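So the structure is just underneath, and the comments pick up after that.
The values are calculated or read from the model by the stated rules, or taken from the named source; none is laboratory data. None of these values were measured; they are calculated from a predicted model. Counting neighbours? That spans all protein chains shown, and the Cβs are built from the backbone with ideal geometry, glycine included.
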Amino acid sequence: MNLKKLAPAFSILLAFAAALALLPASAQAPVRKPRVAVLDFDYATVQSTTSAMFGTNVDVGNGITDLLITGLVNNGAYSVFERQALDKLMTEQNFSNSNRADPSTAAKLGKMAGVDYIIIGAITQFGNETKKQNIGGGGGSWHGVGVGGIGHSNSKAEVGISARVVNVNTGEIVAVAEGSGESSRSSTSLLGGGGNWGGSGGGNVDFGSSNFQETIIGEATKAAVDQLSGNLVADAPKLTVAAVKIDGVVAAVDSGQIILNLGSDAGVKVGDQFEVVRVTKEIKDPATGEVIRRLTTSIGIIKATDVDAKSAVCVPVSGSGFQEGDRVRSPQ
């Protein structure tokens, strides 16, 4: 055998093996994105300004939260909990809006929602009034700028917001972020500046509408939310996601829904995917009778859509023929 001729082949094999060993973990097993829920931002510090601006009490924290959720979903760094599902959970738990800035209460709500982190925040500036200014009353103007349609001087609108990211398991604040925005144009009215403003519609303002975003306060709001969203995305790599090993059983199959005997107590979260396998043979220890290995065949992949403490409802992602008694495990 000519060893010199074989040497190049051995070198190639060794190099290939080394390359495989150096593959990052992410290439071998995808890491799950952090799951977050976003509570409506607190706006108590700017409520007098916004009430005068819109002519009624408008929950600007709700509007800013909608914009932030859209930004986070579009970026894809996080898996964002569905807004309507969170509102439903808040109603069921009698969660008051006054609790929206409390990290410990928010963490409990986040844990029930099955997310890893919950984002809470506050609006610190909206228009020309900041939380450091003790300006009350309704109507009038700030620094000569009319909050409605009448003003005496041109000015730019400014918006400031801050957010905290809370670990739902520990209640610890793991990241903070801020966003500030200023309109590029000036106007005699915070709701002017070129927008075809149509009013607050009985207390509801669509912050995502072009009419609002064309006003100078809408322009400043969008800039502040974009900056906040970018800062939260930059913090995403800091948020750890605990790996949970799932090993359970299909408890029932009903009308296309697959119910597991595992829930949030076992670490199952909405959106998790699992492999369903069927045991074809059990290998037992001849001496003790203990099952030492199960031979299985894969049935398919399922995804959790509804989770409580002791069970989870799943729907098929791939495969068919799921049966009660099938084993469920984390994807291999």
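Points to keep in mind about this one:
- Which listed residue, of Ser79, Ser98, is under 13 Å from the mean Cα position of the chain (by Cα) and hydroxyl-bearing (Ser, Thr, Tyr): Ser79
- Close pairs (6 angstrom Cβ cut-off, 6 or more residues apart or separate chains): in the same structural domain as Asp66 (by TED's automatic domain parsing) and outside any helix (DSSP H, G or I) in the range 203-229, modelled with pLDDT under 85 and of a type outside the set (S, T, N, Q) anywhere: Glu214/Gly194; Glu214/Gly195; Thr215/Leu191; Thr215/Gly193; Thr215/Gly195; Thr215/Trp197
- Verdict on Asn231 being surrounded by fewer than 19 Cβ atoms within 10 Å (Cβ to Cβ) and in contact with a Ser or Thr (Cβ under 8 Å, 6 or more places away or on another chain): no
- Residues within the range 274-304 that are assigned to a strand (DSSP E or B) and either at positive phi or surrounded by 14 or more Cβ atoms within 10 Å (Cβ to Cβ) (or both), tallied: 12
- Residue match in the range 308-321 (condition: of a type in the set (A, V, I, L, M), touching a residue at least 40 places away in the same chain (Cβ under 8 Å) and surrounded by 18 or more Cβ atoms within 10 Å (Cβ to Cβ)): yes
- Condition check for Ala157 on (1) under 22 Å from the mean Cα position of the chain (by Cα); (2) at pLDDT 85 or above; (3) buried (at least 17 other Cβ atoms within 10 Å of the Cβ): one failure, at (1).
- Scan of the range 245-266 for residues that are in a loop (DSSP other than H, G, I, E, B) and touching a residue at least 60 places away in the same chain (Cβ under 8 Å), ordered by number: Lys245, Ile246, Gly256, Leu262
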